[in-house]
Amino acid sequence: MASNKTGQKKKEKSKRRGASQWAVAWRRFKRNKAGIFGLIIVMAVFFVGIFGSFFAPYPARPDPHAYDPFYDIDPITGIGDVRKPPSWMDPEEPNSWKYLFGTTPIGTDVFSDIIHGTKYTVYVGVLVTVITMALSIAVGAIAGFYGRWVDNILMRISEVFLVFPSLLLILVFVRIFTVSVGEPFLNIPIINIQIPTGLTIVIVILGLFNWASNARMIRGEFLRVRELEFIEAERALGAGNIRIIFRHILPNLMSSIIVVSSLTIAYAILLEAAVSFLGFGDANTITWGQILQENFSEMRIVWWAEVFPGIAILLTVFGFNLLGDGLSDAMNPRLRD
Amino acid sequence: MFRYIVRRLLYMIPVFLGISIISFFVMYAAGDPLNIIRLGRPNITQETIDALKVYYGLDKPIPIQYLTWLTNLLQFNFGKSLYGGRPVNFLIGSWVWETVKLQLISILLAFAISIPIGINSAKKQYSKQDIAVTSISLFGVSMPTFWLGLILIIIFSFQLGWLPSAGAYGAPYLWWDNPVLDEIAHLILPVTVLVYVMLAQNIRLIRANMLEILRSDYILAARASGLSERKVVYKYALRNAIGPVITYLGISLGAIIAGAPMTEYVFNWPGLGRRYVDAAMRLDFPLVMGINMVITVMTLIATLIIDICYVYIDPRIRLR
């Protein structure tokens, strides 16, 4: 809890590197091999998500060229089995990179599908976490800071969300709100980005149902920090509630919030994959869960279309979990076992 | 003890009411329920619509409708499915058992396995075994439940052909030639999935708690007084380490049961979760609301049982 003022004073005196809270945490984080490994995975996922469409072998789904692996099979008759195993296992295609992870029953390339799905994974992870954290910080702050009956009511509500198997309600709500989606993509005119409508609805619903456990964590932290002496000092200096919450308590919780956000991203990606896999996702956006769902019924033959998207999910979530654990070790060393 | 149970029961009422309100308004989130009827019958007359409105009680104010629904619910009258028109409680009754069977076996097995592994891991902290266990369990937290099921099916059912890939029973002549063994054969894969997912969390928790407790003074005192290592660990340390794990189980039961649709969908298990996915897909509201409430009550009962177990393990709780 070294406050910024003492940090600055030290800096002025000795002219050494400013040992701010973040610099210390980064130094500690660098030594954690698992955390660095997680960071590398996460950075790779973001990289593929942003630039993936430039190096994917085949274009994304609505483009007819996405089905090119299908036309490759027999150019004369156009018939034949479109379900090709990964090319490195295929005796017909020795040492070929044509379809690294095999092709699906509709003739698309699994490898390209996974690359194009990455951006949706990033979108889901980040946006769900933003919504979840905004809600849980608001609820946690109000409950933890004001206490008494406000706290009581908010915590009872959060209990309802915790006790109830929320995936069940998420499924119904997702179905209700996506069943009549008009335009599959919304165009944002100035920055020229297409936003998938159905997926965004799924994201908002996931965010609305997942705030409870994070809110309880933040409330606990608020309760702890609220009683510390510097808050009392601040109050004696005449600071109002809003100022105390935003300028003094929240900055102190920043490290916990960052750690929890990283773990929430991991959880959100898993949850979206589950919703899509169960067939409730947006059919216009081919997320990793959607690939699993599409090929589920032909799993006996096209096992590669189930294995590789799953590995992509597993690695991404593993990366975010490692990053979260590493950040937690680096920022809250007293929590280490 | 009796008073404690009563207090816990009273405490559950607001949670139950809260969930029932959310479940009820799911139907209204979809808009006017009469539109669903209109959808299938484009030639329906206004008089019929009005008559149906009165028949279903939709002309009354929403709070009254909620109360009617709730009182019906408490009398085990869940209404009728929109598809086929069979009463919901009749439908649910045959599915509950399969889900309970699957979940109960998995939870018990997960505990039986995770306790010794967690303890051993804590006793030999940073040994090779410990590092293996902790990294495998972190992997387990990161794995999509349903995907593990898919992989197991691909390996053990499709490639090796050892175990059935779907359903809860059937084809006994294929699997081990006996109806009971057949049921066990069908249980193995889904139980493995559920246990693995629960193991990961349980081991992490037990290990963390044991580490803290094994360093405490009273364990040192117990060792100093010459008790056997076995007695120190299993009688004195475990009893304190298991508490948080049980608390965690109580909190996460909702999530565990929410995982049921995924596992049951993958293995085509004839349980509540599998049917829930179908019902939600078709927006069969009476069935969705009915299953919602049954699962809620199941979760609440399980939480109560866990709370009671907790009092036996840590008698200080009752005094608070």
So which pairs qualify, if the first residue must be in the stretch A:21-43 and farther than 13 Å from residue A:324 by Cα, the second must be outside any helix (DSSP H, G or I), the Cβ gap must be under 9 Å, and the two must be at least 6 apart or on different chains?
A:21/A:1; A:21/A:2; A:23/A:17; A:24/A:2; A:27/A:19
If residue B:34 satisfies every condition in (1) more than 23 Å from residue B:281 (Cβ to Cβ); (2) away from chain A (no Cβ under 14 Å) but one, which is the exception?
(1)
Within the stretch A:16-29, which residues are open to solvent by 40 Å² or more (accessible area, probe 1.4 Å), out of contact with any helix residue (DSSP H, G or I) (no Cβ under 7 Å at 6 or more places or on another chain) and part of a helix (DSSP H, G or I)?
A:21, A:22, A:24, A:26, A:27
Is it the case, given these coordinates, that residue A:289 is buried (at least 24 other Cβ atoms within 10 Å of the Cβ) and part of a loop (DSSP other than H, G, I, E, B)?
no
Hits in the stretch B:276-306 - residues which are more than 10 Å from every other protein chain (Cβ to nearest Cβ), open to solvent by 30 Å² or more (accessible area, probe 1.4 Å) and closer than 23 Å to residue B:195 by Cβ:
B:301, B:305
Regarding the stretch B:186-209, can at least one residue be identified that is among the small types (Gly, Ala, Ser) and within 25 Å of residue B:126 (Cα to Cα)?
yes
Residue under question is residue B:242, and the condition is that it be open to solvent by less than 20 Å² (accessible area, probe 1.4 Å), more than 16 Å from the chain's Cα centre (by Cα) and more than 9 Å from every other protein chain (Cβ to nearest Cβ); does it hold?
yes
Wholly inside the stretch B:85-172, helices (runs of 4 or more DSSP H) that include 1 or more residues that are among the acidic types (Asp, Glu) and open to solvent by less than 60 Å² (accessible area, probe 1.4 Å) are B:88-123, B:128-142
Flag if residue B:276 is in the same structural domain as residue B:197 (by TED's automatic domain parsing), modelled with pLDDT of 85 or more and under 14 Å from the mean Cα position of the chain (by Cα)
yes
When the stretch A:158-178 is checked residue by residue, the ones that are open to solvent by 40 Å² or more (accessible area, probe 1.4 Å) and either more than 7 Å from every other protein chain (Cβ to nearest Cβ) or not hydrophobic (A, V, I, L, M, F, W, C) (or both) are A:161, A:175, A:177
Specify the residue that is modelled with the lowest pLDDT; the eligible residues are those in the stretch B:307-316 that are open to solvent by 30 Å² or more (accessible area, probe 1.4 Å) and assigned to a helix (DSSP H, G or I).
B:316
Collect the residues in the stretch A:223-239 that are open to solvent by 40 Å² or more (accessible area, probe 1.4 Å) and among the small types (Gly, Ala, Ser), keeping them in residue-number order.
A:233, A:236, A:238
Look through A:325, A:329 and report the one residue that is open to solvent by 30 Å² or more (accessible area, probe 1.4 Å), within 23 Å of residue B:137 (Cβ to Cβ) and more than 10 Å from chain B (Cβ to nearest Cβ).
A:329
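The values are calculated or read from the model by the stated rules, or taken from the named source; none is laboratory data. Model, not experiment: these values are computed from the prediction. As a convention, Cβ positions derive from the backbone with ideal geometry for all residues, glycine included, and neighbour counts pool all protein chains shown. What goes into the accessible areas is simple: the full protein's heavy atoms, side chains included, and nothing from ligands, DNA or RNA. Shrake-Rupley method; radii C 1.70, N 1.55, O 1.52, S 1.80 Å.
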